[in-house]
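Below is one structure; the comments refer to it alone.
The values are calculated or read from the model by the stated rules, or taken from the named source; none is laboratory data. The structure presented is a predicted model; accordingly, all values stated were derived computationally and were not measured. Reconstructed Cβ throughout: ideal geometry from the backbone, glycine too, with neighbour counts over all protein chains shown. Accessible surface is based on the protein model in full, side chains and every heavy atom, while ligands, DNA and RNA are left aside. Shrake-Rupley method; radii C 1.70, N 1.55, O 1.52, S 1.80 Å.
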Amino acid sequence: DHTFLSFSMIGSRQEVNSYSRAVTDTLMRLQSFVFSLTGQDTDYGVRGRVDGNALNVVMNVAGESRGERIEIEEPPQLPSTIQLLLDDELLESGGSYTTTVFDPSSMKNVPLTVQAAGDTSIQYRGEIVEVRKVLQQMGGLEIVSFVDSSGNVIVEQSGMGYRMVLEDEQSARN
């Protein structure tokens, strides 16, 4: 997954690229991952591999590397893979699903609850689009996603105030 973010912060335009790749088993449990975040003032990377009841992680920040072994009770899932486990019936209005995912900010497994909050319509690329509103709660933060009829998250609003819109790279840069 490659994401390009462009936003204003303290009066100046910031551009950040994030890249993530995860290898999972057939139940979407994490086996290994790579994540990087790069920008004008940002150079961060982390990679990890599950080894039994531990997650071995190597973090790179501004050219400095350090490793860490994190004990885990169960193989983690990533928040981004949960959508792949959910079927259409579960996402019917009012349906809910709770599982454990790995939170890279706290470096531990935490509960994630996904709830379908009903059908609605939003404006997307100048058109009114019918979508399903999906709420995700993890670690005290809530993410509101709007999923189109093809299963694509076309708009997502994070608990930290970010709003992400699915666009091709050229549109995102303009």
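A cut-off under 10 angstrom between Cβ atoms defines the neighbours of residue 120, and their net charge, with Lys, Arg +1 and Asp, Glu -1, is 0. Each of residue 4 and residue 42 was given a label point 7 Å from its Cα along the Cα-to-Cβ line. The distance between the two points is 1.5 nm.
Under 11 Å from the Cβ of residue 102, count the other residues' Cβ atoms, weight Lys and Arg +1, Asp and Glu -1, and hand me the total. Intermediate values should be presented prior to the final figure.
Numbers: positive: 29, 108; negative: 74, 103.
Local charge sum for residue 102: 0.
Electrostatic bookkeeping for residue 67 treats Lys and Arg as +1 and Asp and Glu as -1; over the other residues with beta carbon under 15 Å from its beta carbon, the sum is 0. Shown for region 99-174: the carbon plus sulfur share of the solvent-accessible area, taken with all protein chains present and a 1.4 angstrom probe, equals 46%.
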